[in-house]
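The values are calculated or read from the model by the stated rules, or taken from the named source; none is laboratory data. These numbers were taken from a predicted model, which means no experiment stands behind them. Cβ placement follows ideal geometry from the backbone for every residue including glycine, while neighbour counts extend to all protein chains displayed.
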There are 2 protein chains.
Amino acid sequence: MMFEPFWKKMSDKYNATIGGGDLMSYFSDGNNVCWFLEPELGAAIRRLHGVVGNAVTDDRYIVVGTGSSQLFQALLYAFTTPGGPEPVSVVSSAPYYSSYAEVAGFLRSELYKWEGDAYKFNKKGAYIEVVNSPNNPDGTLREAVVMNRTGNGNGKLIYDFAYYWPQFTAITGAADYDNMLFTISKCTGHAGSRIGWALVKDKDIAKKMTEYITISSIGVSKESQFRAAKIIEVVCNGSQNVVGSVKSESFFEYGRKILSKRWQKLRETIQNSEYLILPKYPQEHCLFSGKLAETLSAYAWLESKDDTKDCNEFLRGLKIVGQSGKICGAHQRFARVNLMCREEEFNQFIERLSATRGKGIINGH
Amino acid sequence: MMFEPFWKKMSDKYNATIGGGDLMSYFSDGNNVCWFLEPELGAAIRRLHGVVGNAVTDDRYIVVGTGSSQLFQALLYAFTTPGGPEPVSVVSSAPYYSSYAEVAGFLRSELYKWEGDAYKFNKKGAYIEVVNSPNNPDGTLREAVVMNRTGNGNGKLIYDFAYYWPQFTAITGAADYDNMLFTISKCTGHAGSRIGWALVKDKDIAKKMTEYITISSIGVSKESQFRAAKIIEVVCNGSQNVVGSVKSESFFEYGRKILSKRWQKLRETIQNSEYLILPKYPQEHCLFSGKLAETLSAYAWLESKDDTKDCNEFLRGLKIVGQSGKICGAHQRFARVNLMCREEEFNQFIERLSATRGKGIINGH
């Protein structure tokens with residue numbers, strides 16, 4: 001909701017209008033591997049990565065999904081084969097996005113199995129490692145770890161680049177991995193649209209992902225795809241200074257400015273805290289903006305100075321809604337707070353956090 | 001695509017326009033069990049069932065899904081518990097919708113397992129029976145069978161009412177089951193929207209379905225929900241003769257007229273066929289139209305007169321795309337052909353079918 005004011009302001013310049021008889025079919029393009037991808041959205045996605053420079057789209061298939069969660073599941077399905085000796089292990093370095101664990105585990109599939117922290121994984125067999133960079137929840141820049149740690153070469157890699165956009169971090173190059181996930185909910189803030197996409201090198205993987213999405217939901221909302229294509233067009237035009245769009249309309253600049261202000265306020269509030277600390281992030285040269293850019297994580301990854309304390313319990317005492325580090329495979333002295341909320345919610349968060357100063361720790365924490 | 005001309009004609013009367021800053025959040029209504037259901041869509045669904053009289057919505061929770069496929073999976077999840085002694089059996093009377101088998105089986109879940117034809121199911125344990133009425137593929141009106149056949153009272157029932165709408169069959173009463181599925185793709189023809197809904201009696205089941213959809217896709221496209229609400233409004237206004245909508249705008253009448261013409265042509269073509277027969281359907285009094293109404297199935301369920309023949313192979317010889325009865329748990333002398341296609345495709349189907357008369361059977365069939 002952090003980006004809502006930008007889009008509210010843009011609303012009169014751009015509306016997505018859909019007639020009663022439009023977009024009625026299951027099919028978008030029968031000649032494409034991903035037959036339910038609207039061609040306009042495919043083109044917009046390629047243009048966006050070209051403009052931002054964060055990922056290679058040449059020689060890549062685009063698979064659209066109902067959010068990137070569905071695409072993550074589609075990749076688990078694509079990487080595994082019924083009748084294997086045992087479920088393929090799914091891992092990610094802790095602290096990891098808790099949804100990976102939920103999604104990989106909730107149906108008790110015999111195809112794959114969540115095995116937690118990639119740093120603790122020591123099995124010999126096939127595995128799938130998810131690399132989320134910048135990482136939810138802790139904002140760190142990540143690389144795959146299992147192969148380097150254990151020499152196990154039977155891994156498939158999924159790069160979740162939900163936050164690899166200029167508002168969150170420096171764009172240091174065009175990512176060129178085989179399986180990369182993106183989502184409009186983090187890129188432009190349109191979480192309600194449930195649109196994610198995968199850039200996939202191998203045709204058979206793209207086919208099997210398409211099969212997964214066909215079985216699980218017979219494709220992806222055409223209305224959301226139509227609107228996502230329009231939104232991406234607005235973002236690209238603003239970034240490229242296309243005639244008719246003025247400099248102030250650059251979405252990524254707007255996003256970075258807001259996040260930057262929030263992080264400044266947050267660091268000011270935390271720096272005098274007796275109880276909490278925040279991680280530091282690197283500054284790197286951003287090829288998109290041409291400036292030095294620090295990572296501005298979408299989440300505050302808070303740590304109790306006293307490592308016997310439960311950070312999320314402490315936050316709850318302040319009426320701050322967070323997620324315990326435990327859920328992310330980390331220690332309970334950590335907790336995650338979402339910073340992508342509406343302005344008034346963010347201000348309330350800062351206010352409640354400030355209340356700890358001088359007040360003493362609450363109720364045993 | 002059969003209903004497209006109706007909606008194309010309606011396009012200027014009704015457009016769904018979405019501003020850049022609208023529908024951005026994951027959340028629609030935090031107070032509702034199904035927190036991602038747009039309140040306007042919920043209201044439209046209740047109104048629609050009231051207008052048509054095909055289902056009870058009082059004391060029912062509405063859960064919205066990315067098509068009814070996702071809701072079917074959500075029900076399988078809601079009806080099962082991790083750690084059970086063995087996967088819960090999922091069955092449906094043959095011939096059944098092939099997607100049930102795919103969906104229940106594709107992830108090799110330990111929670112549930114596809115066991116095929118409900119008429120052949122004889123296990124003692126827990127089971128889930130799907131009742132699809134009118135039935136895809138064969139157009140019959142269905143009731144649950146396992147309990148009556150075997151006395152096994154450990155069953156949970158899912159009523160898939162995708163085709164229980166006035167264009168397809170007589171509305172003989174408001175269905176009042178605990179778990180009922182509907183989809184806009186069959187009701188109005190907007191398959192591209194991927195909007196289905198469940199009417200659910202038990203709050204805990206509705207909660208667990210919501211949990212399933214949260215984990216698998218973090219909700220359902222807001223754009224599709226927004227548009228579906230508009231479309232349903234148009235259908236209701238047309239059916240109720242709301243001021244400003246004229247009689248000719250009744251969608252269900254339009255739908256029935258088209259299907260009725262198609263079935264007439266199809267029966268005329270088949271009646272002289274040396275090779276194929278079609279099922280007969282009952283006529284019943286329709287409470288919605290106030291007239292006698294025969295079931296007009298969305299599919300032709302064709303049967304080879306020679307029961308050693310493979311019906312789908314025979315159709316393939318005529319360049320007709322069908323689905324083998326085998327995939328639906330039936331004999332290969334049956335095959336299903338979709339009748340809800342565009343007018344020109346339907347005419348081509350009839351033309352190719354007519355070519356068999358006098359020509360002799362093709363290539364060994």
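So that you can scan it fast, the table gives a plain yes or no per residue for (1) hydroxyl-bearing (Ser, Thr, Tyr); (2) buried (at least 17 other Cβ atoms within 10 Å of the Cβ):
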position	(1), (2)
A:ASN32	no, yes
A:GLY53	no, no
A:THR57	yes, yes
A:GLY67	no, yes
A:GLN73	no, yes
A:VAL90	no, yes
A:PHE106	no, yes
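Does B:SER69 satisfy the criteria of being in a loop (DSSP other than H, G, I, E, B), at the interface with chain A (Cβ under 8 Å from one of its Cβ atoms) and closer than 30 Å to A:GLY189 by Cα?
no
With the structure loaded, tell me whether B:GLU274 is over 23 Å from B:ALA170 (Cβ atoms), of a type in the set (Asp, Glu) and surrounded by 14 or more Cβ atoms within 10 Å (Cβ to Cβ) or whether it fails that test.
For B:GLU274, the condition - over 23 Å from B:ALA170 (Cβ atoms), of a type in the set (Asp, Glu) and surrounded by 14 or more Cβ atoms within 10 Å (Cβ to Cβ) - is not met.
Filter region B:1-37 for residues that are in contact with a strand residue (DSSP E or B) (Cβ under 8 Å, 6 or more places away or on another chain), within 14 Å of another protein chain (Cβ to nearest Cβ) and within 19 Å of B:TYR61 (Cβ to Cβ) and give the result.
Of everything in region B:1-37, those that are in contact with a strand residue (DSSP E or B) (Cβ under 8 Å, 6 or more places away or on another chain), within 14 Å of another protein chain (Cβ to nearest Cβ) and within 19 Å of B:TYR61 (Cβ to Cβ) turn out to be B:PHE36, B:LEU37.
Scan (1) touching a strand residue (DSSP E or B) at 6+ places or on another chain (Cβ under 6 Å); (2) under 29 Å from A:ALA74 (Cα atoms); (3) more than 8 Å from chain A (Cβ to nearest Cβ); (4) of a type outside the set (Lys, Arg) for the single condition B:ALA118 breaks and write down its number.
(2)
Filter region B:40-64 for residues that are touching a residue at least 40 places away in the same chain (Cβ under 8 Å) and not in a helix (DSSP H, G or I) and give the result.
B:GLY53, B:ASN54, B:ALA55, B:VAL56, B:THR57, B:ASP59, B:ARG60, B:TYR61, B:ILE62, B:VAL63, B:VAL64
Out of B:GLU268, B:GLU253, report the one residue that is at pLDDT below 95 and either closer than 20 Å to B:LEU41 by Cα or acidic (Asp, Glu) (or both).
Just a single option satisfies the conditions, and that option is B:GLU253.
Out of region A:38-54, which residues are within 19 Å of A:GLU223 (Cα to Cα) and either not assigned by TED's automatic domain parsing to the domain that holds A:ILE231 or not hydrophobic (A, V, I, L, M, F, W, C) (or both)?
Selection gives A:GLU38, A:PRO39, A:GLU40, A:GLY42.
Looking at region A:153-167, can you tell me whether even one residue there is touching a strand residue (DSSP E or B) at 6+ places or on another chain (Cβ under 7 Å), crowded, with 18+ Cβ neighbours inside 10 Å and among the polar types (S, T, N, Q)?
No, there is no match, as no residue in region A:153-167 is touching a strand residue (DSSP E or B) at 6+ places or on another chain (Cβ under 7 Å), crowded, with 18+ Cβ neighbours inside 10 Å and among the polar types (S, T, N, Q).
Within region B:225-233, does at least one residue satisfy the condition of being in the same structural domain as B:GLN167 (by TED's automatic domain parsing), within 21 Å of the chain's Cα centre (by Cα) and among the small types (Gly, Ala, Ser)?
There is at least one residue in region B:225-233 that is in the same structural domain as B:GLN167 (by TED's automatic domain parsing), within 21 Å of the chain's Cα centre (by Cα) and among the small types (Gly, Ala, Ser).
Does B:ALA229 meet the test of being assigned to a helix (DSSP H, G or I) and of a type in the set (A, V, I, L, M)?
Here the answer is yes, as B:ALA229 does meet what is asked.
Kindly indicate whether A:TRP7 is of a type in the set (A, V, I, L, M, F, W, C), at negative phi and not assigned by TED's automatic domain parsing to the domain that holds A:LYS203.
It is true that A:TRP7 is of a type in the set (A, V, I, L, M, F, W, C), at negative phi and not assigned by TED's automatic domain parsing to the domain that holds A:LYS203.
Report yes if B:GLU343 is touching a residue at least 12 places away in the same chain (Cβ under 8 Å) and acidic (Asp, Glu), otherwise no.
Taking the combined requirement at face value, the residue satisfies it.
Against the condition more than 24 Å from B:PRO282 (Cα to Cα), modelled with pLDDT under 95 and within 14 Å of chain A (Cβ to nearest Cβ), how does B:VAL220 come out, does it pass?
Against the criterion (more than 24 Å from B:PRO282 (Cα to Cα), modelled with pLDDT under 95 and within 14 Å of chain A (Cβ to nearest Cβ)), B:VAL220 does not qualify.
Return the residue satisfying two criteria in turn: it lies in region B:224-241 and is within 8 Å of chain A (Cβ to nearest Cβ) and within 14 Å of B:LEU37 (Cβ to Cβ), and of such residues it is surrounded by the most Cβ atoms within 10 Å (Cβ to Cβ).
Only one residue fits best here, namely B:SER224.
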